[in-house]
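Student: The structure that follows is given in the form of structure tokens.
The values are calculated or read from the model by the stated rules, or taken from the named source; none is laboratory data. Model, not experiment: these values are computed from the prediction. Ideal geometry is used to build each Cβ from the backbone, glycine not excepted, and the neighbour counts take in all protein chains shown. These accessible areas exclude ligands, DNA and RNA; they are computed on the full protein's heavy atoms, side chains included. Shrake-Rupley method; radii C 1.70, N 1.55, O 1.52, S 1.80 Å.
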Amino acid sequence: MFPAPEDALKEPNGLLAMGGNLQAKTLIDAYSKGIFPWYEQGQPLLWWSPDPRGVLAPGQVKISRSLAKSLRQQNWQVTTDVAFDRVVRACAAARPNADGTWITDDMASAYSTLHRLGYAHSIEVWLENELVGGLYGVAIGGVFCGESMFNRVDNSAKIALIELDKLLQVAGFELIDCQLINPFLTSMGAKAISRTAFLQWLGKLRQKPCHWPQKLI
């Protein structure tokens with residue numbers, strides 16, 4: 001049983017609860033209430049509901065001229081749910097200027113279970129049969145809760161987000177939860193809204209019957 005998201009701390013921004021477990025039922029309940037887990041190896045399990053919240057509406061992803069040119073020139077192949085566990089492992093890999101990872105083994109295992117249950121999904125970007133980029137997240141009703149992405153080739157993470165956007169539009173999703181806003185997401189069209197506005201939006205969409213396509217269109 002989670003506290004109300006509105007009870008989250010202001011500093012650190014959004015910290016709501018500590019402890020619990022990563023069972024599928026717990027995670028689904030958390031995402032349905034606008035709460036997500038985020039912690040590092042050696043820390044207790046931490047749950048968050050930040051204010052403001054980063055969001056992106058399907059159909060509003062920004063594509064720059066240089067990115068549009070890359071889309072035309074590179075022989076990208078994009079799939080969904082073909083290599084979910086590989087995408088999670090790639091997202092968990094060490095990155096420049098970062099210490100450790102928040103995607104622990106327990107976290108990766110938990111999302112793999114959600115994937116098998118039909119809640120967690122991935123977008124994979126391939127170049128010459130190599131997995132070069134991708135993202136994964138959790139679908140709750142008409143909301144896709146983005147968790148992480150990776151980029152091994154210039155623009156591959158952006159390609160993943162563009163293809164996610166197309167898929168969500170076709171499937172009837174109405175909101176991408178970006179959790180925390182950052183310059184990359186802002187450049188792609190994401191914006192920050194109040195936690196109150198986000199929870200109201202989530203409340204309207206979490207029961208919407210959206211079905212994840214088995215392949216990209």
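Student: Residues of segment 186-211 being assigned to a loop (DSSP other than H, G, I, E, B), open to solvent by 30 Å² or more (accessible area, probe 1.4 Å) and in contact (Cβ under 8 Å) with a residue 60 or more places away in the chain, which ones?
Tutor: S194, R206, Q207, K208, P209
Student: On to the next question. Could you grab the pairs with beta carbons closer than 8 Å, sequence gap of 6+ or different chains, first residue in segment 1-13 and closer than 14 Å to L46 by Cα and in contact (Cβ under 8 Å) with a residue 60 or more places away in the chain, second one assigned to a loop (DSSP other than H, G, I, E, B) and open to solvent by 90 Å² or more (accessible area, probe 1.4 Å)?
Tutor: If the second residue must be assigned to a loop (DSSP other than H, G, I, E, B) and open to solvent by 90 Å² or more (accessible area, probe 1.4 Å), no pairs are left.
Student: Does segment 135-142 contain any residue that is surrounded by fewer than 19 Cβ atoms within 10 Å (Cβ to Cβ) and of a type in the set (A, V, I, L, M, F, W, C)?
Tutor: No, segment 135-142 contains no residue that is surrounded by fewer than 19 Cβ atoms within 10 Å (Cβ to Cβ) and of a type in the set (A, V, I, L, M, F, W, C).
Student: Sticking with this one: Just to check your reading of the model, which residue among S122, S109, S148 is among the polar types (S, T, N, Q) and either open to solvent by less than 10 Å² (accessible area, probe 1.4 Å) or in a loop (DSSP other than H, G, I, E, B) (or both)?
Tutor: The unique qualifying residue is S122.
Student: Would you please name the residue that is nearest to the chain's Cα centre (by Cα), looking only at residues in segment 169-181 that are over 23 Å from E6 (Cβ atoms) and open to solvent by less than 60 Å² (accessible area, probe 1.4 Å)?
Tutor: Per the criteria, the residue is F173.
Student: Let me ask something else about it. So which of L127, L175, L202 is at pLDDT below 95 and of a type in the set (A, V, I, L, M)?
Tutor: L127
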